[in-house]
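Q: I am attaching a structure below and will ask some questions about it afterwards.
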Amino acid sequence: MTSKQIRQQFLDFFESKQHLIVPSAPIVLKDDPTLMFNNSGMAQFKDFFLGYKKPTSLRIADTQKCLRVSGKHNDLDDVGKDTYHHTMFEMLGNWSFGDYFKKEAIEWAWELLTEVYKIPKENLYVTVFEGDEKDGTAQDDEALELWKKHIAEERILFGNKKDNFWEMGETGPCGPCSEIHVDIRSAEEKALVPGRDLVNQDHPQVIEVWNLVFMEYLRKADGSLEILPAKSIDTGMGFERLAMVLQGKTSNYDTDVFQPLIQELEKISGKKYGEHFTTDVAFRVVVDHLRAVSFVIADGQLPSNTGAGYVIRRILRRAISYGYRFLDLNEPFIYKLLPIFQNQMGEVFPELGKQIQLVTEVIKEEETSFLRTIDQGLIRLDNFIQNNSNLKEIPGEVVFELYDTYGFPADLSRIIAEEKSLTIDEKGFESEMEKQKQRSKSATSFSASDWTELIEDKVEEFIGYDYLEADVKITRYRKVENKTGTFYQLVFQATPFYAESGGQVGDTGYIESIVNGEKIEILNTKKENNLIVHFTEKLPKHLDMPFKAVVDKERRNHIMRNHSATHLLHEALREVLGTHVEQKGSYVGPDYLRFDFSHFNKMTEEELTEVSKQVNQKIFDRIPLEEKRSVPFKKALEEGAMALFGEKYGDVVRMVKFGDSIELCGGTHVENTADIILFKLKNESSSAAGIRRIEATTGIAAIDELKEIYSKYNEILHTLKNPVEPVEAVQKLLDENKELKSQLEKFAAQQAGQEKENWKKSFENKNGINFLAVKTSLSPENIKQIAFPLRKELENVLLIVASDHDGKPSITVAISDNLVAEKGLNAGQIVRDLGKEIQGGGGGQPFFATAGGKDVSGLERALEKAKNLI
């Protein structure tokens with residue numbers, strides 16, 4: 001049975017049980033401070049469990065893309081080392097939102113596994129929650145009695161809170177669970193050790209395949225449990241593990257989920273999978289991480305140095321470093337696996353196929369960049385070791401700095417340390433890692449206490465499309481403490497304040513007591529799950545009084561101009577560059593706008609001018625806003641609205657239309673394009689591989705920028721003594737400068753040619769090596785132009801050149817290929833050793849390497865040292 005058939009049988013089975021089959025949600029979560037990534041099938045349904053929203057159907061099933069690389073559920077360190085953990089995996093799941101409960105969940109799970117998939121009953125074990133005294137939860141006797149109807153009692157095991165009480169994070173929906181485990185060992189192994197003794201003992205062939213969670217509680221910030229409004233079912237079955245069981249394999253990586261990728265990687269690397277443990281780990285890491293990174297990029301999250309982008313960059317770099325260290329892959333290689341991956345998964349997850357060019361470009365660029373980083377990290381670490389001659393242990397903070405700042409793998413630092421008979425300060429490194437985790441945790445979560453509820457009101461209404469002022473009441477509040485200080489969060493029964501989302505910043509303003517006139521400043525507005533949270537530095541003295549909420553109108557108007565301008569910009573880019581252009585991120589603030597979009601070339605001046613012209617034309621055309629709220633999602637798409645990849649849309653959406661520009665958008669906008677006043681494009685640049693970025697201003701800010709440009713233009717005219725044709729005057733200066741540079745380059749080339757002939761006559765034969773150590777004033781580039789031909793024209797060449805060019809010392813080492821192969825000479829090692837004499841360092845290939853430094857006087861010492869090499 002193929003993996004495609006396994007997946008489809010699951011969906012067909014639950015469709016027959018009246019479940020609505022829904023698509024996978026994006027893998028990157030938004031508007032949820034408790035989670036960075038979708039780490040389970042239930043994450044997209046969190047609001048349903050909490051009672052904030054009502055689902056379209058009370059029964060749902062799907063296959064969900066999941067990522068477990070941070071927080072409570074973090075499998076990253078296990079990936080590759082065993083055969084059944086993954087960063088990204090598919091979670092096959094079925095849900096009930098207040099409909100069926102334990103009885104049906106258990107019956108259907110047993111039916112599917114034993115009757116549809118025909119897994120032998122004697123290979124199955126189940127676990128039941130034993131209860132937890134601290135939480136005040138009892139043993140799950142109901143699940144125990146239900147399981148007894150299907151499986152022998154000796155195959156039912158009790159599990160503790162760690163194994164049999166499921167929680168998605170520090171807070172949120174949770175409940176007892178019942179796990180189903182499969183023993184796929186041989187009959188001989190089963191005879192020696194019973195399977196029940198290996199359940200939850202990390203045995204690679206006695207594994208959990210399905211988890212049935214009975215969602216009953218809400219874990220609050222103080223650790224206590226609160227009963228949920230309705231009892232629900234949340235199940236999750238690991239698709240990759242299920243494929244291993246049904247395909248008769250003993251490793252997930254031996255199934256047709258991973259084998260096509262592994263076989264392609266064998267062709268690329270020239271290595272064979274299954275021969276050595278270290279290379280097998282590398283194969284598993286690469287193909288697993290490729291899947292994770294590809295889906296995250298396809299869902300709109302690009303590698304970066306912060307937040308979710310930082311995590312993805314780390315995953316990708318882990319894969320690159322394993323390929324570099326164990327598969328001898330020194331050039332970009334991971335992107336070459338993408339055609340195979342698209343062929344496997346593009347039908348199930350169409351977003352991958354639609355974004356494959358972007359995914360390819362981003363991964364290739366990240367590989368190219370990181371492979372350079374590895375070389376730079378080697379140089380930095382080597383310099384540190386050389387500059388500390390009495391070193392016995394590399395400090396943990398040095399290893400962490402290489403890891404955190406430069407992306408240099410800690411494992412690689414350990415290997416280099418061992419080669420030089422050194423150790424790593426592991427405790428120091430782990431201490432720095434822990435500090436980083438705490439910084440990351442404080443940056444991505446509120447660390448807040450529980451809400452103090454004043455008025456029962458589950459859903460807050462946003463009225464800010466129509467009103468900038470409103471009478472409100474505080475329904476709940478809480479105190480928050482983090483590294484930035486102490487502040488408070490307030491929730492109202494209705495609010496005119498827009499919460500940060502969709503690239504648009506949150507509103508600011510104030511609330512004023514209607515009774516006593518007390519004013520409290522609103523510093524920011526954000527979303528948390530289904531709540532709109534208002535940030536303040538202090539609490540009102542009387543929380544139960546009515547307040548007047550007032551949005552900063554001038555700031556909101558600036559934001560609206562910039563947001564509406566992004567819609568016009570998006571349309572203009574698609575018109576000028578093509579319909580492949582899609583929004584990949586944005587920032588909409590009161591000061592400026594930033595718009596990221598998919599495009600693979602730098603925009604020309606002509607293209608930028610045309611885009612700017614089209615946006616301003618739409619402004620001058622005075623196009624009124626057409627807005628439709630609560631439109632069914634499918635209906636909006638039929639009317640031509642553009643949906644963005646990586647966004648999770650509800651059943652009903654809001655459409656924003658300015659002429660031909662139609663987008664799904666929850667942000668605030670001007671009533672007429674004329675209100676934007678003016679659009680001024682500031683900058684176009686690269687945001688990431690395959691992603692371009694435009695920054696622009698609107699309104700008064702755009703006018704002020706034009707004034708500044710005009711002022712600078714007048715200064716330039718004054719400097720050029722007010723020529724009649726300023727462009728021609730500047731061009732004349734550029735041409736003269738270019739001619740002078742050309743003459744200098746010709747002179748340098750002539751000098752290099754003369755030096756080459758002199759050097760060719762100066763080689764000495766020492767111990768069978770044509771050796772020359774020489775000093776020059778040529779540039780490193782000119783030296784390279786001489787050294788490469790000499791390596792070919794002469795035999796057994798070892799050339800060492802010390803250069804003082806424009807006061808900058810450098811050393812170049814060139815070696816014939818046969819000396820590298822036969823005598824083991826290495827230009828990189830030699831140049832690093834000599835580079836110490838000029839207070840510098842360097843590296844390169846075994847046959848050619850360079851070093852730069854600070855101390856020109858050390859060149860003579862380096863030459864003397866070089867002469868002793870032979």
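Every read-out reported here was derived from the displayed coordinates using simple, explicitly stated rules and does not represent laboratory data. As the structure is a prediction and not an experimental result, all values here were calculated from the model. Glycine gets a Cβ as well: all are built from the backbone with ideal geometry, and neighbour counts include every protein chain shown.
Q: May I ask you to list the lysines whose Cα is less than 18 Å away from that of Lys427, ignoring any residue fewer than eight positions away on the same chain?
A: Those lysines meeting the cut-off are Lys392, Lys435, Lys437.
Q: Right, something else. Report the percentage of all Cα-Cα pairs in the chain whose separation exceeds 55 Å, rounded to a whole percent. The partial results should precede the final answer.
A: Working: 92451 of 378015 pairs.
When all Cα pairs of the chain are counted, 24 percent exceed 55 Å.
Q: What percentages, rounded to whole numbers, describe P(r) for the range 556-717 computed over all alpha carbon pairs with 10 Å bin width beginning at zero?
A: Result returned by the calculation: 11, 38, 36, 12, 2, 1.
Q: Mind giving me the FRET efficiency for Lys149 and Thr56? R0 is 41 Å, r the Cβ-Cβ distance, nearest 0.05 is fine.
A: Given R0 = 41 Å and the Cβ-Cβ separation, E is 0.80.
Q: Arrange the following residues from fewest to most other Cβ atoms within 10 Å of their Cβ: His276, His181, His289, His805.
A: His276, His805, His181, His289
Q: Can I ask one more? A 18 angstrom limit on the alpha carbon distance is what I want to check against. Which of Lys46/Lys220; Lys775/Lys823; Lys103/Lys149 exceed it?
A: Distance filter (> 18 Å) returns Lys775/Lys823.
Q: Same structure, new question: Of all DSSP beta bridges located in the chain, what percent are antiparallel, nearest 5?
A: Working: 125 of 145 bridges.
Roughly 85 percent of the DSSP beta bridges within the chain come out antiparallel.
Q: Hey, another quick one. Toward the positive end of the charge dipole of the range 377-428, about the Cα centre and with charges on Cβ (Lys, Arg +1; Asp, Glu -1), which of Asn388, Leu402, Ala417 goes farthest?
A: Ranked along the dipole, the leading option is Asn388.
Q: Return the distance in nm (one decimal) between the two label points of a simple spin-label model at Glu860 and Ala187, each offset 7 Å from Cα along Cα→Cβ.
A: 8.6
Q: Mind putting a number on the dipole of the chain about its Cα centre? Charges go on the C-beta only, +1 for Lys and Arg and -1 for Asp and Glu, and I need it in Debye to the nearest 20.
A: Value, rounded to 20: 1580 debye.
Q: Can you list the lysines whose alpha carbon is less than 26 Å from that of Lys732, not counting same-chain residues fewer than 8 positions off?
A: Here the lysines satisfying the reach criterion relative to Lys732 are Lys712, Lys721, Lys741, Lys746.
Q: Out of Tyr488, Asn305, Phe847, whose Cα points farthest toward the positive end of the dipole of the chain (charges: +1 Lys, Arg; -1 Asp, Glu; placed on Cβ)?
A: Phe847
Q: Run the dipole for the range 692-769 about the Cα centre, Lys and Arg Cβ at +1, Asp and Glu Cβ at -1, nothing else charged, and hand back the magnitude in debye, nearest 20.
A: The dipole of the range 692-769 has a size of about 500 debye.
Q: While we're looking at this one, here's another question. Going through the cross-link list Lys760/Lys865; Lys553/Lys613; Lys4/Lys249; Lys527/Lys628; Lys738/Lys808, which pairs have a Cα-Cα distance over 19 Å in this structure? Write out the running numbers ahead of the final one.
A: Numbers: Lys760/Lys865 21 Å; Lys553/Lys613 29 Å; Lys4/Lys249 16 Å; Lys527/Lys628 22 Å; Lys738/Lys808 24 Å.
In this structure, Lys760/Lys865; Lys553/Lys613; Lys527/Lys628; Lys738/Lys808 lie more than 19 Å apart at Cα.
Q: Listed highest first by mean packing, meaning other Cβ atoms within 10 Å per residue, what order do 713-719, 624-630, 360-366, 832-838 come in?
A: Ranked from most to least packed, the peptides come out as 832-838, 360-366, 624-630, 713-719.
Q: Give me Cys66, Cys177 ranked fewest to most by other Cβ atoms within 10 Å of their Cβ, as a rough exposure proxy.
A: Exposure proxy ranking, most exposed first: Cys177, Cys66.
Q: Related question: Using the reciprocal of the averaged 1/r over all distinct C-alpha pairs, how large is the Kirkwood radius of the range 749-845 in Å?
A: 13.6
Q: Any lysines with Cα under 17 Å of the Lys707 Cα? List them, leaving off those in the same chain fewer than 8 positions away.
A: Lys680, Lys682
Q: Could you check what % of the DSSP bridge pairs in the range 452-551 are antiparallel, to the nearest 5?
A: 90
Q: Let me know the whole percent of all Cα-Cα pairs from the range 452-551 that are separated by more than 16 Å.
A: The proportion of pairs with Cα distances above 16 Å equals 51 percent.
Q: Expected output is a single nm value to one decimal: the length gained when fully extending between Glu115 and Val459, i.e. 0.36 nm times separation in residues minus the C-alpha distance. What is it?
A: In short, 119.5 nm is gained.
Q: Of all DSSP beta bridges located in the range 618-700, what percent are antiparallel, nearest 5?
A: 95
Q: Another question about this same structure. Please name whichever of Val281, Val28, Ala152 sits farthest to the positive end of the charge dipole of the chain, dipole taken about the Cα centre and charges placed at Cβ: Lys and Arg +1, Asp and Glu -1.
A: Checked the options; the winner is Val281.
Q: Hydropathy at least -0.5 by Kyte-Doolittle, axial extent at least 30 angstrom from the Cα trace: which helices of the chain, defined as entire DSSP H runs, fit?
A: In the chain, the long hydrophobic H runs are 277-298, 356-386, 699-719.
Q: Right, something else. Determine, for Asp735, Asp82, the number of other Cβ atoms within 10 Å of each Cβ, and report the residues in order from fewest to most.
A: Ordered from fewest to most neighbouring Cβ atoms within 10 Å, Asp735, Asp82 come out as Asp735, Asp82.
Q: Right, something else. Starting with the highest mean, order 203-210, 809-816, 757-764 by the number of other Cβ atoms within 10 Å, averaged over the residues of each peptide.
A: Top to bottom by mean Cβ count within 10 Å: 809-816, 203-210, 757-764.
Q: In addition: Against the globular-protein guess of 2.2 N^0.38 Å, express the Cα radius of gyration of the range 3-257 as a ratio, rounded to two decimals.
A: Compared with the compact-globule rule of thumb, the range 3-257 sits at 0.96.
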